[in-house]
Amino acid sequence: MNRAILLFILYFAMNSTCVAHAEDEWKERKGNHFIIYYKNAPLDFIQSVEEMAGYYYQEITGNMGFTRYKNWTWDERAKIYIYDNTEDFQQIGEYAKWSEGVASSRERVIRSFPAAHGFFDSTLPHEMGHIIFREFVGFKAKIPIWFEEGVAMYQEKARRWGANDAVRQAIKDGRFMSLNDMTVMELSGRMNTETIQLFYAESASIVNYIIDELGQQRFINLCRKLQAGDPFEWVFTSVYVRFKDLDALNKAWVEYLQK
Ligand SMILES: [Zn+2]
């Protein structure tokens, strides 16, 4: 799951980094919600990108309940850059060396390449999930990394299934990290892979629990309330009143997994 780490790091790096590259060599394909830029990628691949991006757009706004979500149209359209291959993609910056895709929510831009591992199943929905979620909660919202990554992983169907089992195993082995531990953790490339993998599995599992078990309507209320920029735990407990703090949520989630 190294890729997930990198997606995370890149996601944050891209939001504050201005990437210089030659725009003039790009061909354009304009859809209703997306503009796809590409160079030599085969047209049938580009058509699939357009089709799948449109599908995920509906799927993601639907599964998170953002039904009155403003449309990405005209000037608001998202941009997807399809680089020819790894080398071409890596030219966007040093940090792209080990990654498969990057997203910038502010610019509403996704960059990847056809050979990216799991392009249609993982990279595309994950990055779109980041952008759609951030756009909905706004840039003032204070979101712990586990929540932000969990929402993006919620869009990767294959990951969603495996996450609960990985967390159950960690509870058994005594490796489990509580939500409070995760909230104060700072992810970095120096952390060991196992810890980061577990961080992502737990992030996916808790967000699955919040959306699927505690209900979509509450989740939408939470996202709305987060827009004001108040502390996450404070907002969370004001929406999910049965939990007095994150520890109580943690306890309910663990009990649910052990049922
Ligand atoms: Zn991510």
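No value in this document is a laboratory result; all are computed from the given coordinates. What you are looking at is a predicted structure, and each value in this text was computed from that prediction instead of being measured. All Cβ positions, glycine included, derive from the backbone under ideal geometry; neighbour counts span all protein chains shown.
In the chain, the longest principal axis of the Cα atoms and the axis of helix 145-154 are about 70 degrees apart.
Tell me the angle of helix 216-226 to the major Cα principal axis of the chain, expressed in degrees between 0 and 90 and rounded to the nearest ten. The angle comes out near 80 degrees. Partners of LYS79 within straight-line reach, counting lysines whose Cα lies under 19 Å from its Cα and excluding those fewer than 8 residues away in the same chain: LYS27, LYS30, LYS39, LYS70. Highest mean packing comes first when the peptides 202-208, 59-65 are listed by Cβ atoms within 10 Å, giving 202-208, 59-65.
From most to least packed by mean Cβ count within 10 Å, the peptides 164-172, 141-149 give 141-149, 164-172. Remark on TYR83: its backbone amide H falls under 5 Å from those of SER112, PHE113, a criterion applied only to residues 5 or more positions apart or on other chains, H modelled at 1.01 Å from N. In sequence order, region 179-188 has phi-based couplings of 4, 5, 4, 5, 5, 8, 5, 10, 6, 8 Hz under the Karplus curve 6.51 cos²θ - 1.76 cosθ + 1.60, θ = phi - 60°, and Gly or Pro positions carry x.
With the charge dipole of the chain set up from +1 on Lys and Arg Cβ and -1 on Asp and Glu Cβ about the Cα centre, the Cα lying farthest toward the positive end among the listed residues PRO144, LEU124, SER112 is that of PRO144. With respect to the chain, whose longest principal axis is taken over its alpha-carbon atoms, helix 124-137 is tilted by about 70°. When the helices of the chain are scored as -39500 (n - 2.57) per DSSP H run of n ≥ 4 and the total is divided over every residue, the value at 222 nm lands at -16500 deg cm²/dmol.
Using C-alpha pairs under 8 Å with a sequence gap of at least 6, the mean separation divided by the residue count of region 145-258 gives a relative contact order of 34 percent.
Under 29 Å of direct C-alpha separation, and excluding same-chain neighbours fewer than eight residues apart, LYS244 reaches these lysines: LYS140, LYS142, LYS172, LYS225, LYS259.
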